[in-house]
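Written below as structure tokens is the structure these notes are about.
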Amino acid sequence: QVQLVESGGGLVQPGASLRLSCAASGLIFRESDMDWARQTPGKQRELVATITTRGITTYEDSVKGRFTISRDNAQKTVYLQMNSLKSEDTAIYYCRARFRSIQYWGQGTQVTVSS
């Protein structure tokens, strides 16, 4: 059974930093591309960052230069370091694993950026 468990969300002020973690189990992690996506009420879930099995990273334009995705295959964990947070980054953040043609989602972690 595949499980993805996100953690690290919370309430922070604009300009602050947070690091999200997503711990995977039941998955061949090193052979899975990993993503972070986010969703706000009434909007579609949007892809924020991706890291491939080879460590190649891509980012949505609004987070480039502020967010960094990384992975630790030994710990089966993917991270999202978020710096210079803005109010528009407020959302539920989800981790996704893509293994061959199958994708798995975590339950999400809330990030709120507010003064």
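The values are calculated or read from the model by the stated rules, or taken from the named source; none is laboratory data. Everything numeric here is computed off the predicted structure, so don't read it as measured data. Don't worry about glycine lacking a Cβ; one is built from the backbone with ideal geometry, like all the others, and counts go over all protein chains shown. Ligands, DNA and RNA are stripped out before the accessible areas are found, and what is left, the full protein with its side chains, is counted by its heavy atoms. Shrake-Rupley method; radii C 1.70, N 1.55, O 1.52, S 1.80 Å.
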* To do: For region 76-83, state whether one or more residues are open to solvent by 70 Å² or more (accessible area, probe 1.4 Å) and more than 18 Å from residue 43 (Cα to Cα).
  => yes
* **Matching entry among 89, 35, 72 (being modelled with pLDDT of 95 or more, surrounded by fewer than 18 Cβ atoms within 10 Å (Cβ to Cβ) and of a type in the set (Asp, Glu))** => 72
* Could you figure out which of (1) touching a residue at least 12 places away in the same chain (Cβ under 8 Å); (2) open to solvent by 30 Å² or more (accessible area, probe 1.4 Å); (3) under 26 Å from residue 114 (Cα atoms) isn't true of residue 41? => (1)
* Would you check if there is a residue in region 66-76 being part of a loop (DSSP other than H, G, I, E, B), of a type outside the set (A, V, I, L, M) and in contact with a Ser or Thr (Cβ under 8 Å, 6 or more places away or on another chain)? => yes
* To do: Go through 91, 74, 97 for me and flag whichever is hydrophobic (A, V, I, L, M, F, W, C) and without any contact (Cβ under 8 Å) to a residue 40 or more places away in the chain.
  => 74
* Structure fact -> Among (1) open to solvent by less than 70 Å² (accessible area, probe 1.4 Å); (2) modelled with pLDDT of 95 or more, residue 29 falls short only on (2)
